[in-house]
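The values are calculated or read from the model by the stated rules, or taken from the named source; none is laboratory data. Note that the structure is a prediction, hence the values are computed from the model and not measured. Cβ atoms come from the backbone with ideal geometry, glycine included; neighbour counts cover every protein chain shown. Ligands, DNA and RNA are excluded from the accessible area calculation, which covers all protein heavy atoms including side chains. Shrake-Rupley method; radii C 1.70, N 1.55, O 1.52, S 1.80 Å.
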Amino acid sequence: MITPLSTPQPADFADVRATNLAVALRYVRAHAPCSRADIAAATGLNKATVSSLVTDLLERRLVTETGLTEHRIGRPATMLMLDNTYAAVGLEVNTDHLTAVALDLAGERLLSWRRSFPGATATPGKTISALTALARRALNRVAAEDRRLLGVTVGVPGLVEPDGVVSVAPSLGWRDVDLRGQLARSLPTDTTFPVSVDNDANLAATAEYRWGDHAGAGHLAYLTGQTGIGAGIIVDGQLLRGARGLAGELGHLPLDPAGPVCGCGRRGCLEALTGVGALLRRADPESFIDGVPSDWEPELTELIRRAKAEEKEVTAALTEVGGWLGHAAGVLANLLNPEVIMLGGYFVPLAPWLLPAARAQLALRALAPDAGGAQLVAGTLGHDATAIGGAAKILAAVDAGHLPTAE
């Protein structure tokens, strides 16, 4: 018999109030325009409580009144919608780019910027300086539109401790980098918004779960398609983090003992077999004559052109990489039985050539018939998925009851 290690504590009034505020806010998000009576009928809260909750949400500028509607039985009702006052900012650091995305409460994009940056060769200090400059520009844009900032979240391709220290990011060459602390100290000091750091795959999975074509899939795995390969895993609608928040390093699963050396120092890891650098070395070794490219985009554009032309070297390389991805997907299917396994990042534009071999290997490697129902698909949010997920993480905290105070 398994027993809890700690006994549950009773919720106080503030906890109940915060929960009910979150319930009302989530209803408005999903059903706006809606009335106070609609909220009461759907949630089971009495009308007086809903009226008080809505007043609170109005004071916090989380919802706004949009006027009356007469298209209902009885008296016209004042309708409610999400306010457009707030913004959440998501950032990403990767080997060849920096990204910034800002979303409003409804998840609409306020800005979306992607900048080439040699993250694989730059020092942590230079990378953080460039990231800070991009973040400041995004914050200035948000402020210029008279919006309140809810927070900033940064995604990185590595292991992130709960305090925001990146303990190791092989593709960036980072060890024990206090990214959260350094970024927070570099941003404006006259604000109180939270700054956090998370793994890039976790954030991309969060974004796809919230807004992708398979949004709401309770069991989902997302594989980043960058130089490094990570897995963001959703189980029962919750992100799987592990004991210290370090779960999901599928890229360092050893698949081929005789394979190439990985950035982590081991041999034959999934990342060394399928990362964008590994793919290009197979398909186009000449790409590396002048060293490792600092921007993969032109190389991938040329690779896609050659794949469309059905050049044998390229299609063979893509088939091989697709097979290794399917092998990894089979591991996920056997361990987790996900509904959906997504290929993200640079894998998305290459999906027409990767997916046939990947799906064949998934069917071969998965023990359950039909791979336990797992669909192997391309992600739908593109290169911005991690940054979108950074903003989504902040919005999810608001949905959970961590609300901003009234001005």
Which condition from (1) within 30 Å of Ser35 (Cα to Cα); (2) modelled with pLDDT of 95 or more; (3) buried (at least 19 other Cβ atoms within 10 Å of the Cβ) is the one that Asp83 breaks? (2)
When you go through Gly218, Gly232, Gly225 one by one, which is the residue that is over 18 Å from Gly164 (Cα atoms) and surrounded by 24 or more Cβ atoms within 10 Å (Cβ to Cβ)? Gly225
Determine, yes or no, whether Thr301 is hydroxyl-bearing (Ser, Thr, Tyr), farther than 21 Å from Phe117 by Cβ and assigned to a helix (DSSP H, G or I). no
What pairs come out if I take residues in region 269-289 that are over 10 Å from Gly228 (Cα atoms) and pair them with residues that are open to solvent by 30 Å² or more (accessible area, probe 1.4 Å) and outside any helix (DSSP H, G or I) whose C-beta lies under 6 Å away, six or more apart or interchain? Cys269/Pro254
Let me confirm something: among Leu150, Leu159, which residue is of a type in the set (A, V, I, L, M), closer than 21 Å to Thr127 by Cβ and either open to solvent by 10 Å² or more (accessible area, probe 1.4 Å) or in contact with a helix residue (DSSP H, G or I) (Cβ under 9 Å, 6 or more places away or on another chain) (or both)? Leu159
Is it the case that Leu139 is more than 27 Å from Ala272 (Cα to Cα), open to solvent by less than 10 Å² (accessible area, probe 1.4 Å), among the aliphatic types (A, V, I, L, M) and without any contact (Cβ under 8 Å) to a residue 60 or more places away in the chain? no
Of the residues Thr78, Thr95, Thr64, Thr99, which is in contact with a strand residue (DSSP E or B) (Cβ under 7 Å, 6 or more places away or on another chain), within 15 Å of Val156 (Cα to Cα) and of a type outside the set (Phe, Trp, Tyr)? Thr99
Consider Arg115 carefully, then state whether it is farther than 30 Å from Val168 by Cβ and at pLDDT below 95. no
Any pair with Cβ under 6 angstrom, 6 or more apart, that starts in region 110-131 at a residue that is among the polar types (S, T, N, Q) and ends at one that is assigned to a loop (DSSP other than H, G, I, E, B): Ser116/Asp295; Thr127/Gly119
When region 351-371 is examined, which residues are found to be closer than 18 Å to Leu279 by Cα, in contact with a helix residue (DSSP H, G or I) (Cβ under 8 Å, 6 or more places away or on another chain) and either surrounded by 23 or more Cβ atoms within 10 Å (Cβ to Cβ) or among the small types (Gly, Ala, Ser) (or both)? Leu354, Ala357, Ala358
Among the residues of region 190-211, what is the count of those that are surrounded by fewer than 24 Cβ atoms within 10 Å (Cβ to Cβ) and of a type in the set (A, V, I, L, M, F, W, C)? 3
Only one residue in Ala316, Ala307, Ala258, Ala243 is of a type in the set (A, V, I, L, M, F, W, C), outside any loop (DSSP other than H, G, I, E, B) and open to solvent by 30 Å² or more (accessible area, probe 1.4 Å). Which one? Ala316
Tell me whether region 277-288 contains one or more residues that are within 20 Å of Pro170 (Cβ to Cβ), modelled with pLDDT under 85 and open to solvent by 20 Å² or more (accessible area, probe 1.4 Å). yes
